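The values are calculated or read from the model by the stated rules, or taken from the named source; none is laboratory data. As the structure is a prediction and not an experimental result, all values here were calculated from the model. In this analysis, Cβ positions are derived from the backbone assuming ideal geometry, glycine residues included, and neighbour counts consider all displayed protein chains.
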Amino acid sequence: MPSLQRKIQLGYYAFAGAVAGVALLAYSDLRYREWLAQIDTEAERARNIVRTLLDFSRDGVFRKRRLALRPLVEQTLLLVGRGARGAALEVPDNLVVAADPQRLQQVLVNLIGNALDAGGPGVGVTISARICEAATFKLPEHSVCGRSGAPAARGERLVLITVEDNGPGIAPEVLPRIFDPFFTTKAVGHGSGLGLYVSQEIVHQHGGCIGVTSRSGHGTRFLVALPHTDPQGAA
């Protein structure tokens, strides 16, 4: 088992043991029922965090290969579930990208899931992709960037993947923290605050960058820029 997975699991087991001990003590006294409810909420959040970290660390080998993007997006929409069925898809059938399919799909799941969660019932989501020249690429004005401010690729083409919604948007005081680990605007017990953080790490592994633009009441647009081909030679 990879050492990172082992450390994550040991940390969680220690946490779970402590929580169980406190819960047993509190159970005998009705005055502590409110504590029990809070313990249950935080334990669920811890489970979500551990699940996210294990998903990110499970595959020790990072492998890029040339893959058709549209089928991957279509599979992702099925994976996200019923709420994603109405999403508009504007991805050319012949568009190919050099990527690790499982990890790129994890990014798409996070971005599409966030759009659906933030927008609520009836939100419109559009996933689009196109190719542009790396030399002329720049993130839209007022974008908040993830870990990489610009793609590592130079002198080649990029694949730009956009996930856009017409939901309520992100408040300006929240936007600068959107890629911070453990930061979430969801209710207590919902969301680990790691989805976008993990997404930016995956995009960075691919030599790309991720950015977001949003205004309150005017929707949100995430842009992922990835090298069109792998300079190291994807299989």
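Worth a mention:
- Of all residues assigned to segment 77-90, none qualifies as being under 19 Å from residue 204 (Cα atoms), charged (D, E, K, R) and part of a loop (DSSP other than H, G, I, E, B).
- Residue 214 on the phi < 0 side of the Ramachandran plot, among the hydroxyl-bearing types (Ser, Thr, Tyr), more than 16 Å from the chain's Cα centre (by Cα) and at pLDDT 85 or above: yes
- Residues located in segment 106-133, provided they are surrounded by 18 or more Cβ atoms within 10 Å (Cβ to Cβ) and under 16 Å from residue 226 (Cα atoms): 106, 107, 108, 111, 127, 129
- Unique residue being buried (at least 19 other Cβ atoms within 10 Å of the Cβ), at pLDDT 85 or above, β-branched (Val, Ile, Thr) and farther than 26 Å from residue 136 by Cα when the list is 174, 198: 198
- In segment 146-156, the condition of being within 26 Å of residue 71 (Cβ to Cβ) and either in a strand (DSSP E or B) or at pLDDT 75 or above (or both) is met by at least one residue.
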